[in-house]
2 protein chains.
Amino acid sequence: MTVSKTAAADPARGARPARKEPAETAAETTPLQMGELSELLGYSLKRAQLKIFEDFLRCVAPLQLTPAQFSVLLLLDQNPGRNQTEIANTLGILRPNFVAMLDGLESRDLCVRMRSTNDRRSHILMLTDKGRAVLSRAKKLVAAKHEARLNELLGSANRAALLEMLATIAREF
Amino acid sequence: MTVSKTAAADPARGARPARKEPAETAAETTPLQMGELSELLGYSLKRAQLKIFEDFLRCVAPLQLTPAQFSVLLLLDQNPGRNQTEIANTLGILRPNFVAMLDGLESRDLCVRMRSTNDRRSHILMLTDKGRAVLSRAKKLVAAKHEARLNELLGSANRAALLEMLATIAREF
DNA sequence: TGATAATTGTTATCCACCATACCAAATAGC
DNA sequence: GCTATTTGGTATGGTGGATAACAATTATCA
């Protein structure tokens, strides 16, 4: 619980008479105390996740891929011949919501739905050549710009430790 | 990436004479290869964040507080006398979206908006007695059930290291 | 074999968040 | 005094997640 509680004395309290220091543009106020907020794992997790997603989007912007779409392409590449339900479940996407997502990828010719021969209910999903090419380029961008920055910031060992802890949380909680 | 929490396949609902107990309802298939997905920080971050939020909601369920609401109460407690813009900005909430959120908290008598005397545009936010009481109880629940589980799972040192890395990412990225 | 249950992809909704544009009242700057 | 800025607020649109329901198909089993 040791959070820096720098006792910031409120500068404007009793001293009312104008004492407006050189304020730049925005009304300058004393920064707020985050307090116990910085000890809340959920809060830190969410803020970090938002930053990471933003950076991911920037890095892979030329390919117009969202993190979710990228994860689908990755999974299709490593698991050819699976159907929608299997892919969606693995990624934690609900089947109804996966439909529009696939429509988007398929309309961009990144993957295709094929009716299965042995079970005519299901759609076998496969990457197209273009899908594989886009995925390949995306991987390079992510590795070079996105993940590289992490290693630079945390160090390889810490980055690995971070991933491991996150995986533990996702698995055990 | 993805992430959603649902999943919970309802075990028995519409079937009256159904005798399908031991068999898992879903057709069993070989588990999919996560592959490089498990190396993607964004993916692991999001999945962990969802789990943490779920657990937070469960732990603090008797108080009916969301993570976002809890963070607002925490911030108000440590920063009395601030206005909506300051609180919202600090939490990364856009002012328009903060209005309804405050309406909710105020209607539950957890905080109040007071017109500032020196700037009649702004609303000074303050916790009510009830707000402080709820916050206090929430803190205890979170510490006892939620964060305690983390320490048990990761260990105190690792938990601290995790928080530090997340803060670094949120700050530097 | 035939009736019934379960699964698959899909549509239609609903809700929670997030983001932008815009507005009136109040204040700050000049 | 006139203009620009700030503040809280409304309206609105977009995106994701969640549930119910459905037709076609397959599995189950009496």
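Observations, loosely collected:
- Output for the range B:73-111, where each listed residue is more than 10 Å from chain A (Cβ to nearest Cβ), more than 9 Å from DNA strand D (Cβ to nearest atom) and out of contact with any strand residue (DSSP E or B) (no Cβ under 8 Å at 6 or more places or on another chain): B:I93, B:M101, B:G104, B:S107, B:R108, B:D109
- Pairs linking a residue in the range A:96-122 that is part of a loop (DSSP other than H, G, I, E, B) to a residue that is small (G, A, S) and near DNA strand C (Cβ under 7 Å from one of its atoms), with Cβ atoms under 8 Å and 6 or more positions apart or on different chains, are A:S116/A:S122.
- Pair list, Cβ < 8 Å and 6+ apart or interchain, from the range B:79-90 residues that are in contact (Cβ under 8 Å) with a residue 12 or more places away in the chain to residues that are within 14 Å of DNA strand C (Cβ to nearest atom) and among the small types (G, A, S): B:N83/B:S116; B:N83/B:S122; B:Q84/B:S122; B:T85/B:S122
- Where A:A148 falls short, out of the listed (1) part of a helix (DSSP H, G or I); (2) buried (at least 17 other Cβ atoms within 10 Å of the Cβ): (2)
- Within the range A:114-132, if we keep just the residues that are under 17 Å from A:V72 (Cβ atoms) and polar (S, T, N, Q), the residue that is nearest to DNA strand D (Cβ to nearest atom) turns out to be A:S122.
- Selected residue [part of a helix (DSSP H, G or I) and surrounded by fewer than 17 Cβ atoms within 10 Å (Cβ to Cβ)] from A:K46, A:K130, A:K139, A:K51: A:K130
Conditions tested, residue by residue: (1) within 26 Å of B:P31 (Cβ to Cβ); (2) within 12 Å of DNA strand C (Cβ to nearest atom).
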{"residue": "A:P62", "(1), (2)": "no, no"}
{"residue": "A:L74", "(1), (2)": "yes, no"}
{"residue": "A:P80", "(1), (2)": "yes, no"}
{"residue": "A:P96", "(1), (2)": "yes, yes"}
{"residue": "A:N118", "(1), (2)": "yes, yes"}
{"residue": "A:R121", "(1), (2)": "yes, yes"}
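A short reminder: the numbers here are calculations on the coordinates, not readings from a lab. Note that the structure is predicted; figures quoted are calculated from it, not measured. In this analysis, Cβ positions are derived from the backbone assuming ideal geometry, glycine residues included, and neighbour counts consider all displayed protein chains.
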